[in-house]
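Undergrad: Okay, here's the structure, questions in a sec.
The values are calculated or read from the model by the stated rules, or taken from the named source; none is laboratory data. The structure displayed is predicted, hence computed values, not measured ones. Heads up, the Cβs are rebuilt from the backbone with ideal geometry, glycines too, and the neighbour counts pull from every protein chain shown. For accessibility, only protein heavy atoms count, side chains too; no ligands or nucleic acids. Shrake-Rupley method; radii C 1.70, N 1.55, O 1.52, S 1.80 Å.
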Amino acid sequence: MPALATTPADATPVLALDRVTKTFPGVTALDEVKLGLYPGEVTALVGENGAGKSTVVKILTGIYQPDGGEIRIDGEATRFPTPRDATAAGITAIHQETVLFDELSVAENIFLGHAPRRTFGLIDWTVMETRAREILESIGAKLDPRTKLRELGIASKHLVAIARALSVDARVVIMDEPTAALSHTEIHELYELVEKLKAQGKAILFISHKFDEIFRIADHYTVFRDGQFVGEGHVSEIDEAALVTMMVGRDVSAVFPDREARIGEEVLRVTDYAHPTEFADINFDLHQGEILGFYGLVGAGRSEVMQALFGITKPSAGQIHIDGQPVTLNSPADAIAAGLVYVPEDRGKQGAITALPIFQNVTLPSLGRTSRGGFLRMAREFDLAREYTRRLDLRAASLDTELGTLSGGNQQKVVIAKWLATQPKIIILDEPTKGIDIGSKAAVHAFMAELAAQGLAVIMVSSEIPEVLGMSDRVIVMREGRMAAELSGAKMTPETLVRHAAGI
Amino acid sequence: MLKRLLTSREMLLFGAVAALCALIATRFPGFVAPGNLLRVFNDTSPLILLAIGQMIVILTRCIDLSVAANLALSGMCVAMLNVAYPDLPIPVIIAVAVGLGTLMGMFNGILVWKLAIPPIVVTLGTLTIYRGIIFLVSDGNWVNSHEMSAAFKAFPRAEVLGLPVLGWTAILAIVVFGLVMTRTTLGRAFYAVGGNPHAATYTGLNVGRSQFWAFTISGALAGLTGYLWVSRYAVAYVDIAGGFELDVVAACVIGGVSIAGGIGTVGGAVLGALFLGVIKNALPVVNISPFWQMAISGAAIIIAVALNARATREKGRIILKSAEKPA
């Protein structure tokens, strides 16, 4: 194990976990892990999905109680029986999914639960708004404290979440994937904010999947794997490859699968496609065996185009041709019948039906083929489910088990098997590797390459430049609901992508 | 398939019903005599019929509070029809009752599907509307036993192999809907739509249309029960089966149907109804006040929900790969 010797022992940590264990029925989520946070420094907590990072955040914020080990503040053992106790100890968290209230004002969101009071416990609105304005200004956010949250965009909401975290006198700030929903510029503003917090002497726990962020802003790193502590040290003393090896416990080459695209006949042609509010002037074609990347900032309209193609929303103009024939796709059922399927970004929410058994999840969009006259033919269902789960190398006790009993990664395999079982000609993958660990990413990439090799036409919506460049044969860049560029060959470089996406 | 039917939740409930019967037998041995058990089953049949329909509606994340009003209106209409045309054959009477019930169910379903009104609001509204219509068609008058034809009254009571037709109707519904829910694409759609509406939409299912069919089935069963109820008790009036919709929902909840949707079986709903039926029939014979009956069924609902909530919570999140079910 590398790096155990380089423990940053120069100061007492503000907050430390020592041999902390947390078990759930049948599962050990954390197994004697340790972690130290230091004033004025950023510690990056690194690990694959399921490494136990979120459990640590929940223990530090008083949502979960550890089953063993100690939490120490300034070296003193302590406990956080409730989230309120954690806040009182100066620990605050900015969560992955911001927990805010749309119907309340910015100021109310910032001070919910600890609003300044007057006599009789009434809320002191004047003080609250003044302080809200001060905090917002300190992080460079130009927001009116009286605005209702629902009127704000996602980036501004994030600033409110940060302001909320800073509204308590925090010594420790936990940032759980803070950049997941942010655009390029916003991420840079966040970096500046982190620098400010460091200068104020706050200890920061930074959780991220993105290595460039970790190397840019973190001082220390701590690595977990499968609920266990693997190592820690100074970021300056490690490189990306070594960190990845620690995370996954094996060498993972970050290269994309080598593939020779065999571009065949045109399968999809979209002409003058438009939507009243979301996109306009979309024109592109797609061929057998091709992977077409759609790049753009969050909110550029990529997913919206795909959802309209799949029949979820109604476009206002445009034609779609599949295999040269004009088609009208008014519902997902139409699209599936025409051989076009869409694997949504949020596969948990929009893909998995956890209360149904695995085989029923797989056959759901293919029931037309596994039934006759409305009656199900169970043997066919099992055959179909077996065939496609096997292709995805799914290991499960029985196809009859509830999907909810599988791990997240295996649930994703079932969701993808479900779409392949419809035998599509065109498959649209929306952010296929978002939020999944490095090992699984490589598997998804290899799998996409295999699909294309089998002659499927693939559309990949992705916000990760390396992925777009590494996988796509052609890239369409979208900006503000329109196509900003269509790039192929030598023109596909990180600079051109960013330039077109940002409109510079 | 048998294994699926006898999943632990249904077995647990079956055990609870059996234990309840055994407990009653210690005070009143005659209760568990086969003849009496058949009587209890027959008496619970209307609840079973409605609970099956309600189960399907709840499965799709909706609720149908109008079932008892639907039952009463369908029942009143066929009773008046019988008075006006005493020679109308029973199959026609049944067809009219089912048809009326189906229309009322479809009306609920259309409002939920096309206008996207929350089901609890829709069916609270139609509950009142349907009850109001009974008053309008009957002028608030009763249809009494002597006005009904003999054939009209005899049908549900006719015994086949020792069980009245009413009980056989419930058995038929259990078999038919047991098959629909497990063996047809429609049944599968109900589970998928309730389990995860977003995912169901993405797989090409129409969530609203599935909900419409659920309400239609619930309405059809309510209409059928309307005739059986009115003819069995040989009376029809405005307030017939008043408040019965709550017993129906209670039977579903006790039977392990998740109010959040997506989880529930015909077997569960039937056992939930039988549990309530046993309590209702047994407490008087062991000399417990009817007010205790209400408290006991209320407690049973809360216990059932608490147990179900516990069963779903204990799973926790599976984080470690090693904790997954072995390959």
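Undergrad: Check region B:93-104 and report whether any residue there is within 25 Å of B:ALA220 (Cβ to Cβ), open to solvent by 70 Å² or more (accessible area, probe 1.4 Å) and of a type in the set (Ser, Thr, Tyr).
TA: So far as region B:93-104 goes, no, none of its residues is within 25 Å of B:ALA220 (Cβ to Cβ), open to solvent by 70 Å² or more (accessible area, probe 1.4 Å) and of a type in the set (Ser, Thr, Tyr).
Undergrad: Which one is nearest to A:ASP74 (Cα to Cα), of the residues in region A:184-219 that are in a loop (DSSP other than H, G, I, E, B) and in contact with a helix residue (DSSP H, G or I) (Cβ under 7 Å, 6 or more places away or on another chain)?
TA: Selected residue: A:ASP219.
Undergrad: Regarding A:TYR342, is this residue away from chain B (no Cβ under 14 Å), in contact (Cβ under 8 Å) with a residue 60 or more places away in the chain and either open to solvent by less than 40 Å² (accessible area, probe 1.4 Å) or not in a strand (DSSP E or B) (or both)?
TA: It is false that A:TYR342 is away from chain B (no Cβ under 14 Å), in contact (Cβ under 8 Å) with a residue 60 or more places away in the chain and either open to solvent by less than 40 Å² (accessible area, probe 1.4 Å) or not in a strand (DSSP E or B) (or both).
Undergrad: Filter region B:139-152 down to the residues that are closer than 14 Å to B:TRP229 by Cα, in a helix (DSSP H, G or I) and either modelled with pLDDT of 95 or more or hydrophobic (A, V, I, L, M, F, W, C) (or both) and list them by number.
TA: B:PHE152
Undergrad: Identify the residue in region A:345-370 that is without any contact (Cβ under 8 Å) to a residue 40 or more places away in the chain and under 22 Å from A:ARG390 (Cα atoms) and, among all such residues, is farthest from the other protein chains (Cβ to nearest Cβ).
TA: A:ARG369
Undergrad: Which of the residues spanning region A:293-313 are hydrophobic (A, V, I, L, M, F, W, C) and either open to solvent by 20 Å² or more (accessible area, probe 1.4 Å) or within 19 Å of A:ALA155 (Cα to Cα) (or both)?
TA: Listed by number, the residues that qualify are A:LEU297, A:VAL298, A:ALA300, A:ILE312.
Undergrad: When you go through (1) in contact with a Phe, Trp or Tyr (Cβ under 8 Å, 6 or more places away or on another chain); (2) among the aliphatic types (A, V, I, L, M); (3) more than 14 Å from chain A (Cβ to nearest Cβ) one by one for B:ILE129, which number turns out not to apply?
TA: (1)
Undergrad: Going by what's in this entry, would B:ALA200 be described as free of Cβ contacts under 8 Å to residues at least 60 places away in the same chain and either assigned to a helix (DSSP H, G or I) or away from chain A (no Cβ under 14 Å) (or both)?
TA: yes
Undergrad: Within the group B:ASN287, B:ASN281, B:ASN308, which residue is farther than 29 Å from B:GLY75 by Cβ, at pLDDT below 90 and part of a helix (DSSP H, G or I)?
TA: Of the residues listed, the single one that is farther than 29 Å from B:GLY75 by Cβ, at pLDDT below 90 and part of a helix (DSSP H, G or I) is B:ASN308.
Undergrad: While we're on this one: Restrict the check to region A:49-63 and report whether at least one residue is without any contact (Cβ under 8 Å) to a residue 40 or more places away in the chain and part of a strand (DSSP E or B).
TA: No, region A:49-63 contains no residue that is without any contact (Cβ under 8 Å) to a residue 40 or more places away in the chain and part of a strand (DSSP E or B).
Undergrad: I'd like to check something: does region B:216-238 contain any residue that is within 13 Å of chain A (Cβ to nearest Cβ) and of a type in the set (Phe, Trp, Tyr)?
TA: No: zero hits.
Undergrad: Being assigned to a loop (DSSP other than H, G, I, E, B), buried (at least 17 other Cβ atoms within 10 Å of the Cβ) and either at pLDDT below 90 or under 25 Å from the mean Cα position of the chain (by Cα) (or both) narrows it down to one of A:LEU136, A:LEU35, A:LEU45, A:LEU143, so name that one.
TA: Answer to the check: A:LEU143.
Undergrad: If A:GLU431 meets every condition in (1) under 28 Å from the mean Cα position of the chain (by Cα); (2) of a type in the set (Asp, Glu); (3) at pLDDT 80 or above; (4) surrounded by fewer than 18 Cβ atoms within 10 Å (Cβ to Cβ) apart from one, which number is that one?
TA: That leaves (4) as the condition not met.
Undergrad: Please state which one of A:SER167, A:SER105 is of a type outside the set (A, V, I, L, M) and in contact with a Leu (Cβ under 8 Å, 6 or more places away or on another chain).
TA: Residue meeting the stated conditions: A:SER105.
Undergrad: Scan A:ILE322, A:ILE336, A:ILE358 and give me the residue that is under 22 Å from A:MET478 (Cβ atoms) and of a type in the set (A, V, I, L, M, F, W, C).
TA: A:ILE322
Undergrad: Among the residues of region B:161-176, write down those that are open to solvent by 30 Å² or more (accessible area, probe 1.4 Å) and either in contact with a Leu (Cβ under 7 Å, 6 or more places away or on another chain) or within 14 Å of chain A (Cβ to nearest Cβ) (or both).
TA: Residues satisfying the conditions are B:GLY162, B:VAL176.
Undergrad: Also: Restricting attention to region A:401-423, does a residue exist that is surrounded by fewer than 22 Cβ atoms within 10 Å (Cβ to Cβ), at pLDDT 90 or above and either among the acidic types (Asp, Glu) or over 27 Å from the mean Cα position of the chain (by Cα) (or both)?
TA: Scanning region A:401-423 turns up at least one residue that is surrounded by fewer than 22 Cβ atoms within 10 Å (Cβ to Cβ), at pLDDT 90 or above and either among the acidic types (Asp, Glu) or over 27 Å from the mean Cα position of the chain (by Cα) (or both).
Undergrad: Considering only region A:371-381, how many residues are more than 8 Å from chain B (Cβ to nearest Cβ) and crowded, with 17+ Cβ neighbours inside 10 Å?
TA: Total meeting the criteria: 1.
Undergrad: Right, next: Give me the residue from region A:80-103 that is under 26 Å from the mean Cα position of the chain (by Cα) and of a type in the set (A, V, I, L, M, F, W, C) and, out of that set, farthest from A:PHE206 (Cα to Cα).
TA: Residue satisfying both the conditions and the ranking: A:PHE101.
Undergrad: Turning to a different aspect of this structure: Looking for something at pLDDT below 85 and in contact with a Gly (Cβ under 6 Å, 6 or more places away or on another chain) - is there at least one such residue anywhere in region A:437-454?
TA: yes
Undergrad: Moving to a separate point now. So B:LEU81 ticks every box in (1) under 23 Å from B:ILE58 (Cβ atoms); (2) among the hydrophobic types (A, V, I, L, M, F, W, C); (3) surrounded by 15 or more Cβ atoms within 10 Å (Cβ to Cβ) but one. Which box is left unticked?
TA: (1)
Undergrad: Taking region A:382-395 as the search range and keeping residues that are touching a residue at least 12 places away in the same chain (Cβ under 8 Å) and either within 7 Å of another protein chain (Cβ to nearest Cβ) or more than 29 Å from the chain's Cα centre (by Cα) (or both), which one is surrounded by the most Cβ atoms within 10 Å (Cβ to Cβ)?
TA: Residue satisfying both the conditions and the ranking: A:LEU384.
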